[in-house]
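Participant: There's a structure below that I have some questions on.
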DNA sequence: TATTGTTAGTTACAAAATCAACTAATAGGC
DNA sequence: GCCTATTAGTTGATTTTGTAACTAACAATA
């Protein structure tokens, strides 16, 4: 019979990277989530769409999905809600009539400016626990983990 | 009017920690998720419950929820499914009759041994991209981010 | 020992994510 | 041009999660 804590030769749940990453991600997302939820009633995917459009300018739903690695059905529904709330508009893509070009309205841009400001401060506050070198290293390692496994 | 990519003084979405952490967590969880899902039809919370019982031995639902930071309704449902599949049993807690002591069955322990072995290898593989010092630093930083904000 | 407050866990209902099927447009042969 | 395969995006059905309300047990105290 298995004796807990004994047979687990060298597997330590508390250090398991997927577990740690999830804990950290959830904790780090929480406070900022309350901001976009509280101020604009947005869900995470809506904030992602908004921030991509704000950051990179006009793009199609596919572009956003590829960049943010979000499934197209989630994008589709987030876009509809943002459109209903007048944060973005769609216009036909002349080059490919299956797609639509998405673009923030002035209201959408105002929300983006507001939220990205909060995000910048929040990020600085999160990172402030670590030395500048460690911060840079952390981001580099996370980026590498995010890139295909 | 906002000119994308220009007004965003110093906010870089691609370096935003909550975003990066989420991407890394999702990517890092994916392959292992396929294992417990494929082999045992488990959901993430079920794997978490199983791994906590396997790692730390008999505990109550509350104990698991506290350690894993998972809401009690999720734990409750995960426990029920694990019980239905005969991976764990409940027995009354003599000291507090509101609680039940959860414990893996031999089948549950076998699944835990199997999965924790895979997890150990998988973790090593994930971490292998970094030097031992960087690995240790990464885990330390993640643990700190996970600990209350 | 009543009374009030708290806690462990479950359940019901609402919100959201996932998956499959679908439409409309494009792309690549042939 | 015509046929088939692929792609962008939407919709509906199913599954999973989240929120609130609930039961039963415990704890503190007057």
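Values quoted throughout were computed directly from the atomic coordinates according to the rules given, and no laboratory measurement underlies them. On a predicted model such as this, the values are computed, not experimentally measured, just so you know. With ideal geometry, Cβ positions are generated from the backbone for all residues, glycine too; neighbour counts draw on all protein chains shown.
Participant: Consider residue B:88 carefully, then state whether it is surrounded by 13 or more Cβ atoms within 10 Å (Cβ to Cβ), more than 13 Å from DNA strand C (Cβ to nearest atom) and either within 30 Å of residue A:147 (Cβ to Cβ) or under 21 Å from the mean Cα position of the chain (by Cα) (or both).
Facilitator: No, not satisfied.
Participant: Is there a residue in the stretch A:16-38 that is part of a strand (DSSP E or B) and within 12 Å of DNA strand D (Cβ to nearest atom)?
Facilitator: no
Participant: While we're looking at this one, here's another question. Restricting the search to the stretch A:83-102, which residues are within 17 Å of residue A:56 (Cβ to Cβ) and touching a helix residue (DSSP H, G or I) at 6+ places or on another chain (Cβ under 8 Å)?
Facilitator: A:87, A:88, A:89, A:90, A:99, A:100, A:102 - these are the residues of the stretch A:83-102 that are within 17 Å of residue A:56 (Cβ to Cβ) and touching a helix residue (DSSP H, G or I) at 6+ places or on another chain (Cβ under 8 Å).
Participant: Can you confirm whether the stretch B:110-126 contains a residue that is in contact with a strand residue (DSSP E or B) (Cβ under 6 Å, 6 or more places away or on another chain), surrounded by 14 or more Cβ atoms within 10 Å (Cβ to Cβ) and more than 30 Å from residue A:131 (Cα to Cα)?
Facilitator: no
Participant: Here's a follow-up. Just name the residue that is farthest from residue A:134 (Cα to Cα) out of those in the stretch B:28-45 that are facing chain A (nearest Cβ under 7 Å) and surrounded by fewer than 20 Cβ atoms within 10 Å (Cβ to Cβ).
Facilitator: Checking each candidate, the answer is B:31.
Participant: Do we find that residue A:55 is touching a residue at least 40 places away in the same chain (Cβ under 8 Å), within 11 Å of DNA strand D (Cβ to nearest atom) and either within 12 Å of another protein chain (Cβ to nearest Cβ) or surrounded by fewer than 17 Cβ atoms within 10 Å (Cβ to Cβ) (or both) in this structure?
Facilitator: Judged against the criteria, residue A:55 is not a match.
Participant: I'd like the residue in the stretch B:78-133 that is within 16 Å of DNA strand D (Cβ to nearest atom), touching a residue at least 12 places away in the same chain (Cβ under 8 Å) and in a helix (DSSP H, G or I) and, out of all such residues, is farthest from the other protein chains (Cβ to nearest Cβ).
Facilitator: B:81
Participant: Scan the stretch B:136-146 and tell me whether some residue there is in a helix (DSSP H, G or I) and within 16 Å of DNA strand C (Cβ to nearest atom).
Facilitator: no
Participant: Exactly one of (1) crowded, with 17+ Cβ neighbours inside 10 Å; (2) touching a strand residue (DSSP E or B) at 6+ places or on another chain (Cβ under 7 Å) is unmet by residue B:135. Its number?
Facilitator: Status for residue B:135: all satisfied but (2).
Participant: Within 11 Å of DNA strand C (Cβ to nearest atom), within 10 Å of chain B (Cβ to nearest Cβ), within 16 Å of the chain's Cα centre (by Cα) and free of Cβ contacts under 8 Å to residues at least 40 places away in the same chain: which single residue out of A:48, A:67 fits that description?
Facilitator: The conditions single out A:48.
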